[in-house]
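Presented below is the structure to which this report refers.
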Amino acid sequence: MSEEGLSHQMQEDRRFPPPPELAAHANVTAATYAEADADVEAFWAEQARRISWETPPTEVLDWSNPPFARWFADGRLNAAYNCLDRHVEAGLGDRVAFHFEGEPGDTRTITYADLAAEVRQAANALAELGVVAGDRVAIYLPMIPEAVVAMLACARIGAPHTVVFGGFSADALASRIQDCGVEVVITADGGFRRGKPSALKPSVDAALESCPDVRHVLVVQRTHQETPMTEGRDHWWHTFVGGQPTEHALEFFPAEHPLYIMYTSGSTGKPKGILHTTGGYLVGTSWTHWATFDLKAETDVFWTAADIGWVTGHSYLVYGPLANGATSVMYEGTPDTPHKGRWWELIDKYGVTILYCAPTAIRTFMKWGSDIPDGYDLSSLRLLGSVGEPINPEAYVWYREHIGHDRTPVVDTWWQTETGMHMISPMPGVTVGKPGAAMTPVPGVKVEVVNDEAQPVGNGEGGYLTVTHPWPAMLRTLWGDDERYVDTYWSRFPGMYFAGDGAKKDEDGDIWFLGRVDDVMNVSGHRMSTTEIESALVSHPKVAEAAVVGATDPTTGQAVVAFVILRSEAGDGGPDVVQELRNHVAKEIGAIAKPRQIMVVEELPKTRSGKIMRRLLRDIAENRELGDVTTLTDSSVMDLIQENLAASP
Ligand code: ATP
Ligand code: MG
């Protein structure tokens with residue numbers, strides 16, 4: 001895949017070396033890479049010492065039955081103890097674990113001692129409901145501290161949790177409950193969203209009509225709205241959990257004991273139930289949280305602005321930061337409630353030093369204009385992170401300039417629900433940042449970009465991203481479906497993990513993501529990257545967001561079809577905007593990339609984690625019936641787009 005489309009380099013050629021002050025005290029240095037390269041397993045065995053083990057492991061990786069990995073298998077530990085109690089025992093009980101900010105402005109300062117006590121109470125409550133090690137518990141909550149308490153209470157008793165995003169429908173909740181055989185659900189009366197209470201419990205009631213195995217529901221009181229309770233099945237959290245003792249006998253589990261099941265975002269199809277286990281996951285997330293973000297737990301205030309119902313919330317809002325004894329911000333609501341400066345106000349208020357969010361949020365802030373963040377003191381920030389999609393060079397530079405005031409490195413972290421932890425990312429004290437590139441694998445991770453024949457591509461060439469050596473936080477299987485696990489990830493290139501993403505190596509051998517393999521277009525025999533054409537469109541001053549798909553075309557095989565949202569200043573863009581944008585793409589990338597069609601829309605279909613669902617746009621571009629829409633943030637978006645297109649000439 002070395003055709004012109006894929007080897008094109010974006011116009012942005014600025015480079016950003018690490019700030020000298022950061023590099024001088026960086027957690028990760030060039031020596032860390034050398035150490036990991038010398039012996040990966042010894043490297044991870046070393047990192048396993050970050051964790052407290054009841055029985056320290058003597059084994060590292062067991063790959064005797066590939067692709068079913070076992071890490072640290074003879075070790076025993078408790079994940080919740082590692083995240084909470086051990087810090088309290090070390091004298092850090094008064095350290096703030098979370099600065100919680102509710103959307104209406106209510107706040108809670110939760111210390112490690114507070115959180116540990118609440119988790120022990122919740123563990124007692126679950127035990128009283130008959131939950132034992134190995135039972136699955138569904139958590140369907142807004143972004144409130146009880147979500148963290150619920151997850152860690154499950155971990156404490158060895159009951160794998162499955163967190164379902166609070167914005168999902170009753171059907172989406174029911175299918176996950178059924179898929180992993182849940183018997184207890186933890187939910188709330190509702191949560192606050194866009195200035196209003198929004199009910200949750202009615203969706204649980206509706207879901208449970210088709211889930212007869214659910215015996216108990218714990219209900220957190222958040223909004224105080226009227227909530228029907230089913231006698232004998234439903235229990236209020238504040239009385240049932242609040243009435244439990246804060247003492248709870250600690251149990252230890254083998255490293256390979258299941259920790260949680262998380263369903264993927266559903267960008268490419270029906271969500272998959274990813275299974276993570278305890279020891280390797282905790283080692284991988286705590287080490288990468290410390291390394292990628294150059295965490296200084298005593299002084300940093302860390303903020304993952306992502307929902308707990310997404311893997312980013314699991315690894316970098318709960319398990320990684322808490323295992324590291326970090327102080328985090330947790331925010332319940334949307335960035336524009338009650339005003340568009342809410343995030344910047346929170347950074348200013350809590351002195352946030354590290355912000356981690358998705359490119360979709362950054363592009364939204366760009367659309368709103370830099371005068372909004374300019375109104376706040378953001379000088380506490382020292383590092384910025386991005387996750388979820390490739391970050392367009394334009395968005396990277398804006399983020400660095402307007403939020404980071406040109407002082408902060410930007411780390412673009414590539415990983416997946418399946419990988420559990422960061423896999424490809426700059427290290428802020430070592431890497432010279434390139435806008436748009438995810439750069440190199442993190443120490444301890446081995447990847448290769450390969451062609452159709454599984455051969456590594458050379459510099460300047462594109463192909464498929466694969467992982468060539470097991471890593472500690474890797475998924476162990478798909479829940480209840482070993483065969484689909486093998487087929488999906490390990491069959492395309494035997495012996496290598498197939499991530500499903502297209503990538504290229506630039507002239508320096510650094511990695512750029514090109515989009516999902518399912519989305520790669522083939523136009524007259526040229527393979528074209530969705531990401532590159534989208535970034536070219538976003539680099540035009542009139543464009544706020546863009547999504548590109550390949551639609552079947554009688555002459556070219558596939559043709560490029562683009563959907564764009566214009567920036568508010570651009571108005572409707574004028575009659576010639578489509579031609580102007582087509583020419584812009586031709587100039588930036590080449591005539592072959594010129595979209596056949598550009599449709600101006602108001603919204604794009606996105607998953608809850610902010611990823612564009614191109615498969616639905618492809619359905620539209622090819623006049624097909626829409627596929628699975630259960631993980632869309634807002635399913636009315638598709639109606640809007642269809643109406644919008646029907647109305648245009
Ligand atoms: P499904 O697997 O159900 O289609 P999904 O892949 O969107 O859903 P996630 O596990 O949430 O589910 O997302 C992982 C994917 O997100 C990656 O495979 C990649 O396509 C994209 N991604 C995440 N971070 C980055 C990044 N920094 N750069 C490029 N792509 C990224
Ligand atoms: Mg995926």
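For region 425-439, the Karplus equation 6.51 cos²θ - 1.76 cosθ + 1.60, evaluated at θ = phi - 60°, returns couplings of 5, x, 9, x, x, 10, 7, 7, x, 10, x, x, 9, 7, 6 Hz by residue, with Gly and Pro reported as x. Sequentially through region 117-125, phi angles give Karplus couplings (6.51, -1.76, 1.60; θ = phi - 60°) of 5, 5, 5, 5, 4, 5, 5, 4, 5 Hz, Gly and Pro residues having no value and appearing as x.
Expressed per residue, the C-alpha convex hull volume of region 457-573 stands at 182 Å³. Remark on region 344-461: ratio of C-alpha radius of gyration to 2.2 N^0.38 Å is 1.18.
Normalising the average separation of contacting C-alpha pairs (under 8 angstrom, six or more residues apart) by the number of residues puts the relative contact order of region 48-130 at 20 percent. Reducing region 205-220 and region 598-624 to their Cα centroids gives an inter-centroid distance of 33 Å. The listed residues S286, S175, once ranked by accessible area (1.4 Å probe) with the largest placed first, stand as S175, S286. For region 89-223, the Kirkwood radius over C-alpha pairs fed into Stokes-Einstein at 25 °C and 0.890 mPa s yields D = 159 µm² per second. Charge tally around L616: other residues with Cβ under 13 Å, Lys/Arg +1 each, Asp/Glu -1 each, net -3. Of the listed residues Y399, Y263, the order by accessible area with a 1.4 Å probe, largest first, is Y263, Y399. Close amide H contacts of R516 (hydrogens built in the peptide plane, cut-off under 5 Å, sequence separation of 5 or more or a different chain): G502.
Convex hull volume of the C-alpha atoms in region 149-272, normalised per residue: 133 Å³. Its residues counted as N, region 485-535 yields a C-alpha radius of gyration over 2.2 N^0.38 Å of 1.30.
The alpha carbons of region 1-118 give a radius of gyration and a Dmax of 21.8, 59 Å, in that order.
Karplus-based coupling profile of region 168-183, in residue order and whole Hz: 6, 6, 4, 5, 5, 5, 4, 5, 6, 4, 5, 4, 10, x, 7, 10, with θ = phi - 60° in 6.51 cos²θ - 1.76 cosθ + 1.60 and x standing for Gly or Pro. Per residue, the solvent-accessible area of the chain (1.4 Å probe, heavy atoms of protein chains only, all protein chains present) comes to 35 Å². Figure note: T264, T246 ranked by solvent-accessible area, largest first, 1.4 Å probe, ligands and nucleic acids not counted: T246, T264. Per-residue packing, averaged as other Cβ atoms within 10 Å, sorts the ranges 152-161, 39-48, 214-223 into the order 152-161, 214-223, 39-48, beginning with the highest.
Packing-based ranking of 304-313, 499-508, 479-488 yields 304-313, 499-508, 479-488, ordered from highest to lowest mean Cβ neighbour count within 10 Å. With a threshold of 27 Å on the Cα-Cα distance, the entries K505/K611; K367/K611; K367/K587 are all at or under it. The convex hull defined by the C-alpha atoms of the chain has an orientation-averaged projected area of 26.9 nm². Were the residues from K270 through N459 laid out at 0.36 nm apart, the gain over their Cα-Cα distance would be 64.6 nm. Basic side chains Lys and Arg get +1 at the Cβ, acidic Asp and Glu get -1 at the Cβ, and with that the dipole of region 574-649 about its Cα centre reaches some 440 debye. Expressed as a whole percent, the accessible surface of the chain that belongs to carbon and sulfur atoms is 49, based on a 1.4 Å probe.
Based on the Cβ-Cβ distance from K340 to E226, what FRET efficiency comes out when R0 is 22 Å, to the nearest 0.05? The formula returns an efficiency of 0.10 here. For region 388-519, the fraction of C-alpha pairs farther apart than 26 angstrom is 24 percent.
Under a 5 Å amide H cut-off, with hydrogens placed 1.01 Å from N, V543 pairs with R567 among residues at least 5 apart or on other chains. Please say if region 552-638 is rounded, prolate or oblate, where rounded means a/c under 1.5 for a ≥ b ≥ c the square roots of the C-alpha gyration tensor eigenvalues, and otherwise the choice is prolate for a/b larger than b/c and oblate otherwise? Oblate. Between region 259-325 and region 56-83, what is the C-alpha centre distance in whole Å? Between the Cα centres of region 259-325 and region 56-83 lies a distance of 18 Å. Once you sort the root eigenvalues of the Cα gyration tensor of region 79-152 as a ≥ b ≥ c, which label holds: rounded (a/c under 1.5), prolate (a/b larger than b/c) or oblate (the other case)? Judged from the Cα gyration tensor, region 79-152 comes out oblate (a/c at least 1.5, b/c at or above a/b). Only protein heavy atoms count here; on that basis, with a 1.4 Å probe, M496 has an accessible area of about 40 Å².
The values are calculated or read from the model by the stated rules, or taken from the named source; none is laboratory data. As the structure is a prediction and not an experimental result, all values here were calculated from the model. Here Cβ is always computed from backbone atoms with ideal geometry, including for glycine, and neighbour counts include all displayed protein chains. Side chains are part of the model used for accessible areas, which takes the heavy atoms of the whole protein and leaves out ligands, DNA and RNA. Shrake-Rupley method; radii C 1.70, N 1.55, O 1.52, S 1.80 Å.
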